[in-house]
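The values are calculated or read from the model by the stated rules, or taken from the named source; none is laboratory data. All of these numbers come straight from a predicted model, not from anything done at the bench. Every residue, glycine among them, receives a Cβ derived from its backbone with ideal geometry; neighbour counts consider all protein chains shown. Quick note on the areas: whole protein, heavy atoms, side chains included, nothing else; ligands and nucleic acids left out. Shrake-Rupley method; radii C 1.70, N 1.55, O 1.52, S 1.80 Å.
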Amino acid sequence: MAATGYALGPAALYLATRTVARSRTAGILAALAFIFLPSSSYLFSALRADATSFSPALVLPPNWRLLVLVKYGEGPHVLSLSLGLLTLAATARYVRSPSGRRLALAVLALLAVALTNLIGVLGASVFIGLLPASASLGGSALGRWARVLRVGILGGLLSLGWYSVGFIRAVFGFTTPGGAEGGSAYVFFPVVILIGLVLVAQLSSRVPEGLELAIGWSLVFAVIVAAFQLGGTALAPQPTRYALELDAGACIAFGIAGAWAVRRLAPLRAGRVRAAASIAVAAVVIAIGAGGWLTVREQLGPDGAWRDWSERRVAVWLSEHLAPGERAYLTGDHAFWADAFADVPQVRGGVDFAFSNPWWAHVAYQMNNGPEADLSVLWMEALSVRYVVVSGPGSTEVYKEDWVYPRKFDGQLPLALDQRGVRVYEVPRAGDARLVIARVGDLAMPTSAVDRAALEAYVARMREARAPAHLEQRGLGGWRAEVDVADGDSVVLREAYDTGWHATIDGRAVAVRADPVGQLLVPVPAGAHVVELDHRVHGDFLAGSGIATLTALGLLGWALRGRLRRATA
C-alpha cells in the first residue's frame, strides 16, 4: 500500500498540472521532475545532510518522498499527497466547469485525503485553497470561491465521522512545553496564506496559465519549511513534513515553465521541432536523476537482518518482562515499532495529542528534556510505568527522539537491559498496575509538572494502596472489581480518564472523574462492593458520525431528485 501511494504520485501530479495548465507537455515534464530531479527540499542543509546519509554515494537521492517513505516510514503522508494532488485536479475541473458529478468527485477525493493522513489535510487545503485567486480558471472570483468552499464544507462534514469535535479539540489544544511546535506561531499561518492568495491574483494574467498557482503553492510550503529549518518557528504542525508538498509545487512550476519555454522559443514554432525539444528536456531530466536512483537501489530492498534490529529486540524483551497492567515508556522508533513486533503496552505511542491525560505533554517533556531523574521517576510510578527505554548516541534506530540527559537515571534506577546503545531502566512498583483502592480523593492536583510535593504525596498514597479482592477484565475497556473500601478511599483505575468512561457500584450508575494525575477515579462508599467499569463510544463521535451520514444521505437525495426531474422532463 505504501509503495502504491508513492507510485501514484507522478500520475496524480501529471493530472493536477495538466488540469491547471491545460497542457499535456507541462504535465509530463512536471511528473518526470517529480520522479527524477533532486528535491527542492535539498536547499535546506539539514534535509540535504539527511539525504546524503541515505545514499551510499555522493549523489543525492532522486527525491525527498522516497527518503521519507523508506527511511522514516511516511507511507500515510506520501499516499495522502498523491490523493491531495488528485483532489486538486478534481476541484480545479469543478471550479472551471461545475457539474454535480465533478463536485462529487472533488468531495470524495478530499474525503479520501482526510481519512488517510492529518498532515495531508492541510497540504490538500492549501492546494485547493489558492484556486479561487486564479483568474485563469475562468468565471467570477465570487463563483470560484463559492465552488471551492462548497467542496471544503462538504468534505469537512463528511469527515466528521472520523474527525470528531473531541478529536479536533485535542489537536488544537495540544502544546509541547518548551518545544518549537507548541502552536503559538500557528496564528501566522493565515497571513502566509493571504500573501499566497494575493501573489496568485497578481500573477494570474502575467505568467503562463497555472504557473501563478504553482508559484503560490511553492511560496506557502517553502515559508512553512524554511521558518522551521532556518528559524525554528513552526507555522504548521510538524512543518518539515511539508517538504513533500513543497516538492510537488516546485515540480508543477517546473513543468509549466518548461512547456511554456518550449512553446515560446521562436526557432521552435514547428510542431515536430517543439516535440523534439520537449523530448530533449525530458531526457535531460531523466539523466540528472538516473544516478540518484542507481545509488539507492540496495536501500529499497528488505533488510534480511530485521530480527536483530534494536527496536525488535527491545520490544520482545519488554513483552516478556511486563506484568499485567504495567507499561513501558519508549520514544522515537522504539515507540513506533514496538507493537509491530510484540504486544507491548506503552504509556506513550506515536501521537502525543491523542493522549487524553492533560498532563501527558508535560510529563513527556520532563522525561526527555528535564535533568531531574527523581521527578521523572515519580511520574512513571504514578502512571504505572515499569520500564523506561532510553536510546543513547550509539543506538542504531533511524528516528531518534534525543534525550537531553540520557544518563540521568544511572544510580537512580536499576539497569535491566543494556544493549546496542539502548538502556532499559526498571521503575519501582507503586501499587497494583491495573486498579487500586487508594486514598487520593482529598489530594490537590499538581500545580505543574514539577510540583514535587504534590507528586510525592500522590505516589506515597499509591504505594500504600490496596489491590481489589478480585479483578476481572472484560474485553477492551471493561472491568469488574470486588472491593472492600474504607472511609475516604476511592477506586482508581490506572488508565487515563475521559468522558467515555461509565461506572456502576452494585449495579447503580455513579459519576466518575479524573484523579489528581488524570487517571480514572470512582468514589465508592465504605464497605464491600462490586464496581463495574465500561468504556463506551463518545457522544461527540456519534454526533459527528450522524452529521456525516445525514450529509451523505442529503447529497444522495439531491442527486436522485435531479435525475428524476430530468427523467420527467
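Taking 0.36 nm per residue of separation and subtracting the Cα-Cα distance, full extension of the segment from HIS470 to ASP374 would add 31.3 nm.
How many percent of Cα pairs in the range 433-544 exceed 26 Å? Intermediate results must be reported in sequence, preceding the final value.
Numbers: 1164 of 6216 pairs.
Roughly 19 percent, rounded to a whole number.
Legend: residues ASP247, ASP308, ASP50, sorted from most to least accessible area (1.4 Å probe; ligands, DNA and RNA excluded), read ASP308, ASP50, ASP247.
For the chain, a simple Cβ point-charge model (Lys and Arg +1, Asp and Glu -1, everything else neutral) yields a dipole of about 3900 debye relative to the Cα centre. Here the gap between VAL316 and LEU43, fully extended at 0.36 nm per residue and compared with their Cα-Cα distance, gives a gain of 94.2 nm.
If you roll a 1.4 Å probe over the heavy atoms of the protein chains, what accessible area per residue do you get for the range 230-290, in Å²? Intermediate results must be reported in sequence, preceding the final value.
Working: 2870 Å² over 61 residues.
Result: 47 Å² per residue.
Using a 1.4 Å probe on the protein chains only, how many percent of the accessible area of the chain belongs to carbon and sulfur? Reported share for carbon and sulfur atoms: 62 percent. Each helix, a run of at least 4 DSSP H residues, gives -39500 (n - 2.57); summed and divided by the residues of the chain, these come to -17000 deg cm²/dmol at 222 nm.
Note on the range 523-569 and the range 108-171: Cα centroid distance 22 Å, given to the nearest whole angstrom. Annotation for the range 342-416: trypsin sites (Lys or Arg not before Pro) lying in DSSP loop with at most 14 further Cβ atoms inside 10 Å of their Cβ are ARG407.
Surface calculation, 1.4 Å probe, protein heavy atoms: GLU245 sits at approximately 0 Å² accessible. Count Lys and Arg as plus one, Asp and Glu as minus one, and take only other residues whose Cβ is under 12 Å from that of LEU443; the net charge is then -2.
Counting Lys and Arg as +1 and Asp and Glu as -1, each charge on the Cβ, what is the dipole of the range 271-355 about the Cα centre in debye, to the nearest 20?
Details: 8 positive and 10 negative charges, 140 e Å.
Around 680 debye, computed over the range 271-355.
Each of ALA3, LEU15, SER125 was scored by the projection of its Cα onto the charge dipole of the chain, and the greatest displacement toward the positive side belongs to LEU15; charges sit on the C-beta of Lys, Arg, Asp and Glu.
Summing +1 for each Lys or Arg and -1 for each Asp or Glu, what net charge is found among the other residues whose Cβ lies under 10 Å from the Cβ of TRP479? Kindly include the intermediate steps, with their values, before the conclusion.
Details: positive: ARG434, ARG474, ARG480; negative: GLU472, GLU495, GLU532, ASP534.
Net charge around TRP479: -1.
Tell me, what is the FRET efficiency for SER356 and THR568 to the nearest 0.05, using R0 = 45 angstrom and their Cβ-Cβ distance as r?
Values: r = 53 Å, r/R0 = 1.18.
The computed FRET efficiency comes out at 0.25.
Per residue, the range 305-459 exposes an accessible area of 42 Å² to a 1.4 Å probe, with every protein chain left in place.
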